[in-house]
Structure formats: structure tokens, C-alpha cells
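These notes are about the structure you will find just below.
Bear in mind these aren't lab numbers, they're just calculated from the coordinates by the rules spelled out. Just so it is clear, the structure is predicted and the values come from calculations on it, not from any experiment. A quick note on method: Cβ atoms are made from the backbone with ideal geometry, for glycine too, and the neighbour counts reach across all protein chains shown.
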Amino acid sequence: MRVSKIKRKTKETEVEARINLDGSGTASVDTGIKFFDHMLSSFAKHGCFDLRVKARGDFEHHVAEDTMIALGEAIDRALGAKAGIRRMGDAIVPMDDALALAAVDLSGRAYPEIEVKFAKRKVGDLSSDLIKHVLQVLAINGKFNLHVQVLRGQNDHHKAEAIFKALGVALAEAVSKSARRKGVPSTKGVI
Ligand SMILES: [Mn+2]
């Protein structure tokens, strides 16, 4: 099992994130931000990851950001040397009116390219501008390329949820093992 747990305590926040990349989609997420919990649970469910997150802190921005720092680090650490993995993964996921694309390359290089606009300032109890930010933070700390686009959509809740589902599906494919793959999937020999 590829499992890792990260604990992070600063003057602003206290975060614990545990992920099992070979799980079954069981999530227990408590950040104090309900919509963010909903998004991370959806990510875990559709990625078939077991995810446990507990986060508390002073401001919504800090809690969301530091949760993704811990989760990114946990993903990177759980992957280890990345031997035998597919490395790339992508998904286009609809949710009613919304259609979101996520593409991942577990390249060891942090590069987020996130294209999303929300109509309203808040999605549930989460500030809309944080959604782009947390995806950037996740890719940077997970050391992977992440491209996200919302191809169409009206409803902010649907757009956000389609993104996190697509992220789960894309990442699940990227971390999955290919029987034909021997060693690290890079012509360099290391990622
Ligand atoms: Mn929902």
C-alpha cells in the first residue's frame, strides 16, 4: 500500500493529511470549511483514494492553503520512487451543465495551469478564488504538472465539483501501475 501521512503545524494552522493511493475511496475530511470538505471527499471517492484530513486555523485562506500543502506532500511521499506507474493521467468529467478537464503528469516538476472562473464570490462557504489557488498549491507541493480547464458550465457548485472529480480520476490513472512498465517511467531513469 502506498500510504503517507503529513503533519504540519504553524502559528496559523494545524493540519494532518493521510492518503492511501491504493485505497477504495473512503474519505474523512474535516477542515471546518464544508464545501472544501465536500470537494476533497469527492476527489478521494472518484480517485479511489483513502483520505483523512483534519485541519484547523485562523483564516479560511490559511486552512485551505495549508491543507493542500500537506496533501501535495503526502501524495508525493506516498508515490516514493514512482516505479511502474503510468505517470500521466487525464479526465473530462461532466456534472450536469458543467464539464471539466484535468490532466496530470507526475513529472517531479511543479507546474499548475488552472483556468476557471466563477460567477459568484462564494461556492457554499468556500471563497471561489481559493479554488484556483488550492489547485495550484496542490500541484506545486505534489511536484506534478496539473492542467485544469472548465470547458463549459453555469452553476458554480457543479463547475467546482466537476473539477475535483476530474482531478481524482486523472490522478488515479497517473498513479496506477502498468504491468508492462518496468522501473521509473522516464527516459532520464529518474523522476
Ligand atoms: Mn455537490
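Values computed for the structure shown
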item: Segment 8-121, dipole about Cα centre (Lys/Arg Cβ +1, Asp/Glu Cβ -1), debye to the nearest 20; result: 200 debye
item: Vicinal HN-Hα couplings computed from phi for segment 168-173 (Karplus, 6.51 cos²θ - 1.76 cosθ + 1.60; Hz; Gly/Pro x); result: x, 5, 5, 5, 4, 5
item: For segment 55-63, 3J(HN,Hα) per residue [Karplus equation, 6.51 cos²θ - 1.76 cosθ + 1.60, θ = phi - 60°, Hz, x = Gly/Pro]; result: 9, 9, x, 6, 10, 3, 4, 5, 5
item: Cα-based reach from residue 182 at 25 Å (exclusive), listing lysines while leaving out same-chain residues under 8 positions away; result: 82, 143
item: Test item: Cα-centred dipole of the chain, Lys/Arg +1 and Asp/Glu -1 on Cβ, debye; result: 820 debye
item: Dipole in debye (nearest 20) - segment 151-191, about Cα centre, beta carbon charges: Lys, Arg +1; Asp, Glu -1; result: 360 debye
item: Isotropic mean projected area of the C-alpha convex hull, the chain (nm²); result: 9.9 nm²
item: Mean Cα-pair separation over length for the chain, i.e. relative contact order, pairs under 8 Å, 6 or more apart, %; result: 27 percent
item: Cα gyration tensor shape for segment 85-156, rounded if a/c is under 1.5, else prolate or oblate; result: oblate
item: The chain, helix-only ellipticity at 222 nm - DSSP H runs n ≥ 4, -39,500 (n - 2.57), divided by all residues, nearest 500; result: -12000 deg cm²/dmol
